[in-house]
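Any read-out appearing in this document is the output of simple, stated calculations on the displayed coordinates, not a laboratory observation. Quick caveat, the model's predicted, so the values are computed rather than measured. Using ideal geometry, Cβ is built from the backbone for each residue, glycine included, and neighbour counts are taken over all protein chains shown.
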Number of protein chains: 2
Amino acid sequence: METAVLFSGGKDSSFVNIFLKKILPCNIINYTVTFGVNSNWKYAEETAKALEFPFKLFLADLEILERSVDRIEKDGFANDGITFLHKAVIETFVQEINVDIVADGTRRDDRSPKLDLADMRRIEDMYDVSYVAPLMGISYRILKPICFSLFTIKEGPTDLIKKSDYESEIKGLMEKRGLNPNDFFPKHSQSRVIGYRDRDAF
Amino acid sequence: METAVLFSGGKDSSFVNIFLKKILPCNIINYTVTFGVNSNWKYAEETAKALEFPFKLFLADLEILERSVDRIEKDGFANDGITFLHKAVIETFVQEINVDIVADGTRRDDRSPKLDLADMRRIEDMYDVSYVAPLMGISYRILKPICFSLFTIKEGPTDLIKKSDYESEIKGLMEKRGLNPNDFFPKHSQSRVIGYRDRDAF
């Protein structure tokens, strides 16, 4: 099955590649989303290269990032705006790229982005695609040690770890608008995969 | 890892056995829950035998079934009472049976029983166990054809398909109380696994 993994270079979307191969006969291409605000997608490309994963760039319409930042500005916090963005990205993506499966690294314990069931089913039925978030039912107690055995992972505060996730472009657009991203995003730690530690650990 | 699968003899909990083996080094025992209201657990035992799965019976306290039926009677519908029951069963189970993982066949598209994230994390932290619902992130579009290729499945209206799920004992207890289960459960179709169709299909 032709499968697109929405790929940030983090441990979850990296692990999804390995997990999916184990359970389904799938031909995976990793797509990193950019809205053209910065070039952070290059970090995901580096990770994909280090892990020997097929990689492509998906350029999404800046308009949806603008709407996501509108929402975050109005809410005063980021969660719902990030989920809005992810849903809009998936919807744009499946209209442009013809795949059987679109997958992401959403975990059970994530707050955002997280699609709700109604959106998943609407997207699947409307665009004749399967949405798969294979880590959704697995406890963090199990995922964490597997990821740290499989990959070499660089961890640190968000602003020091260069990753290709929504957050960096949202923050970039906020700065262009004269907003301070730190008013909307709590400080948290971030991680990025830089290679295999033991590729047979899972 | 010592793993308990909560097993009804249906296609989801059957598939969980095969799915888990593929992704984790786990030693699985299937446990079918009964409150002693009827002997429907025997159907799950038959299915387990046909699929060559290790099987044990778990006798849970009738008190929690009583409380679940109280809830259903009060609500006028079954969903929340079934979820209450499942949560109480898991909590009792992990207190009595020492395992690393407790797993069930909850699917993304199920309405009930479905634990919420706060309950999963509370149970995991309190009892030092991982709760895993491996089918949670997989679309029904993918699960359905896999299950039907793997297993021979008997389908029909609920009352004709003999399964060892909560529903049959809830209904049994309702009848003892002089209630009509059909006032609380909508008519729906049910399925039961009776053997392998192609055990290498996944």
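A few remarks follow.
- Computed FRET value (nearest 0.05) for B:Met1 with B:Phe148, which takes r as the C-beta separation and R₀ as 30 Å: 0.55
- Packing order of peptides A:67-74, B:154-161, highest average first: A:67-74, B:154-161 (average count of other Cβ atoms within 10 Å over each peptide's residues).
- Net charge dipole size for the range A:1-125 [Lys, Arg +1 and Asp, Glu -1 on Cβ; Debye, nearest 20]: 440
- Evaluated at q = 0.06, 0.12, 0.13 Å⁻¹: base-10 log I(q)/I(0), Debye formula over Cα of the protein assembly as shown: -0.27, -0.99, -1.12
- Simple spin-label estimate for A:Asn27 and B:Thr92 in nanometres, 7 Å along Cα-Cβ: 5.1
- Semi-axis lengths, Å, the range B:1-62, gyration tensor of Cα atoms, sqrt of 5 times eigenvalues: 21, 13, 9
- Counting only DSSP H runs of at least 4 residues, each contributing -39500 (n - 2.57), and dividing by the residue count of chain B, the helix-based mean residue ellipticity at 222 nm comes to -14000 deg cm²/dmol.
- Counts of other chain beta carbons within 10 angstrom of each beta carbon in peptide B:138-146 average 5.
- Most mobile listed residue (A:Leu62, A:Leu173, A:Leu85) in chain A, GNM with C-alpha springs under 10 Å: A:Leu62
- Backbone N within the range B:140-169 under 13 Å of label point (7 Å from B:Asp109 Cα along the Cβ vector): B:140-148
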